[in-house]
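Accompanying notes for the structure given below.
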Amino acid sequence: MELVKPAFGLIFWMFVSFGIIFYLLKKFAWKPILTMLKEREEGIQFSLDSAKKAREEMAALQSNNEKILNEAKAERDALIKEAREIKESIINEAKTKATEEAGRLMAAARENINNEKMAAITELKNQVAILSMEIAEKILKEELTSQEKQKTLIKALLEDVNLN
C-alpha cells in the first residue's frame with residue numbers, strides 16, 4: 001500500500017520542489033509568457049480589426065463600383081438616346097431637303113414644260129401666219145379676173161393646206 005499512500009517526506013519534498021519551480025516560473029517565465037500572450041492577443045485583435053476594416057472597405061468599394069457601373073449605364077443610355085435623336089433629326093432633315101429639292105425640280109420641270117408649250121404654240125401660230133401669208137401671196141399673184149379661176153385656186157389651196 002505504499003504506492004497508494006505516499007509517505008510524509010515525499011509529500012513535503014514535492015511541495016518544496018513545486019514551490020521552488022513555481023517561484024522560478026513566476027520570477028522568470030511568467031511575465032514573458034503573459035507578455036507574449038498579450039502580444040499574441042493584440043496581434044489577433046489587430047488582424048480581426050484589419051479584416052473587418054478590409055471587409056468594410058471591400059463593401060464600400062463594391063458599392064462604389066455598382067454606383068459607377070450604374071452611372072456608366074445611365075451615361076451609355078443617354079448617349080444612345082442622343083445618338084438616336086441625332087439620327088432621327090438627320091433623317092428628317094434629309095427627307096425635308098429631298099422633298100424640297102423634288103418640289104423645286106418639279107416646279108422647274110413644269111416651268112420648262114410650260115415654256116416649251118408656249119414656244120410650240122408660238123411656233124405654230126407663226127407657221128399658220130406664214131402659211132396664211134403664203135396663201136394670200138399666191139392668191140394675189142394669180143390674176144383674179146375671173147370668178148372661176150378664183151374658186152379653183154381657193155379649192156386647190158384648201159386641199160393643199162389639208163394635206164399638210
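The values are calculated or read from the model by the stated rules, or taken from the named source; none is laboratory data. Just so it is clear, the structure is predicted and the values come from calculations on it, not from any experiment. Glycine also receives a Cβ, built like all others from the backbone with ideal geometry; neighbour counts cover every protein chain displayed.
What to note about this one:
- Pairing residues of segment 32-54 that are at negative phi with residues that are surrounded by 10 or more Cβ atoms within 10 Å (Cβ to Cβ), at Cβ distances under 7 Å and at least 6 apart in sequence or on separate chains, gives no pairs at all.
- One residue alone among L34, L10, L48, L3 is at pLDDT 85 or above and over 60 Å from the mean Cα position of the chain (by Cα), and that residue is L34.
- Filter result for the condition that a residue is at pLDDT below 95, in a helix (DSSP H, G or I) and loosely packed, with under 10 Cβ neighbours inside 10 Å, over L140, L131, L124: L140
- Qualifying positions in segment 2-23 - part of a loop (DSSP other than H, G, I, E, B) and surrounded by 10 or more Cβ atoms within 10 Å (Cβ to Cβ): P6
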